[in-house]
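Input: a single structure, listed below in structure tokens.
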Amino acid sequence: MTDPSAFQLTRRALLCATGALLALGALPSQAQQRLKLATITTGFPPGGSSDVLARILAEHLRGKHADAVIVEAKAGAGGRLAVEHVKNSPGDGSSLLISPSGMMVLFPHIYRSLRYDPLVDITPITPLAKFPFFLAIGPMVPAEVRTLADFIAWCKANPKQASFGSPGAGTSAHFSGIMLGRRADMEYTHVAYRGMAPVVQDLLGGQIPSGVLTPVEALPILSTGKLRLIAATGTGRSRFAPEVPTYAELGYPDIVIEESFSLYGPASLSADSARQLAELTHQMLAQADIQARFAQMGLEVAPQQPAQFKASLKALHGRWGGIVKASGFTPQD
């Protein structure tokens, strides 16, 4: 007959051994939480807002998410190349993307074919920052025109001159102008440029009467008196230009457009990894010095949890589909 005490001893030894094995099994997983190398990809050349934000985030993630975090620009195709690259990258957290939201919510409606489905191929992690657009008028418009109502009246009185510049056809800025023309029932011709800089140049030079600008272009010039900001597309007034009313305040509640720079990963990124990355990013966004650096670019921090962010992107994706269809915009190749 087996000694009961011997059975108890064997059972205790087995339990201890099992516990030890489980603990050992957990060690590699814990060690792998911090990678050797991670890359944050942007879709635009170095020096722009995406690049600056990526470098700020890389500095914060270094030593926490990975031993080394580098920033790589894959510029081209309006940011699409960077999205495609991250879509096809491993889902271990080593490949991340910082991109404007337009690549995810607007591009599916303005291009006939995309090599990615933003609702399927990409994991939303968290927004970093958001900003509105400003409708700016320049010296081509008489000095007595100070409000949106004044400007609409001027446009209707001068239909051949009534136009606005944007950084390109099919951009959020472009559609904000289309929406204003339709809602105000006026001719409002779009002039497409290749980026914001030439819009500002022609606006200041009196070549166009108005332009749709981002804070980083508009705010430094505002103090010179050469531009007048008469409306903003935000959900509320910008703290950087609190004197500028929103379109909603002025009777155009559907002209609400806020662009954001956000962090994404490939679809295969795990939910746990996305939450951990969001938590690390939110820790950075809570720092006063980071908020001050963002403010220098006219950006407001805008953290969201991954699930909340995913839901908001899906809603924006649907909303932009309706905006583009109503505008009559012809999708591009």
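The values are calculated or read from the model by the stated rules, or taken from the named source; none is laboratory data. Bear in mind the structure is a predicted one, so any value in this text is a computation, not a measurement. When we count neighbours, we look across all protein chains shown, and the Cβ atoms used for this are built from the backbone with ideal geometry, even at glycine.
The listed residues are Met196, Met186, Met179, and the only one of them that is crowded, with 18+ Cβ neighbours inside 10 Å, free of Cβ contacts under 8 Å to residues at least 40 places away in the same chain and under 25 Å from Pro331 (Cα atoms) turns out to be Met196.
State whether one or more residues within the stretch 120-131 are within 29 Å of Leu250 (Cβ to Cβ) and out of contact with any Pro (no Cβ under 9 Å at 6 or more places or on another chain). Yes - at least one qualifying residue is present in the stretch 120-131. When residues in the stretch 15-70 are screened for being modelled with pLDDT under 95 and farther than 27 Å from Ser101 by Cα, 20 of them pass. Taking (1) over 20 Å from Val256 (Cβ atoms); (2) in the same structural domain as Gly78 (by TED's automatic domain parsing) in turn, Pro127 satisfies each apart from (1). The sole residue among Ser210, Ser260 that is farther than 18 Å from Asp150 by Cα and not β-branched (Val, Ile, Thr) is Ser260. The residues of the stretch 147-176 that are surrounded by fewer than 16 Cβ atoms within 10 Å (Cβ to Cβ) and more than 28 Å from Pro108 (Cβ to Cβ), listed by number, are Thr147, Ala149, Ala153, Lys156, Ala157, Asn158, Pro159, Lys160, Gln161.
Suppose the filter is touching a Pro at 6+ places or on another chain (Cβ under 7 Å) and at pLDDT 95 or above; does Tyr193 pass it? Spelling it out, Tyr193 is indeed touching a Pro at 6+ places or on another chain (Cβ under 7 Å) and at pLDDT 95 or above. Within the option set Thr233, Thr224, being within 24 Å of Gly322 (Cβ to Cβ) and of a type in the set (S, T, N, Q) holds for one residue only, Thr233.
Filter the helices (runs of 4 or more DSSP H) completely within the stretch 266-333 down to those with at least 2 residues that are closer than 19 Å to Pro118 by Cα and either touching a residue at least 12 places away in the same chain (Cβ under 8 Å) or touching a strand residue (DSSP E or B) at 6+ places or on another chain (Cβ under 8 Å) (or both). By residue number, 271-285, 306-327.
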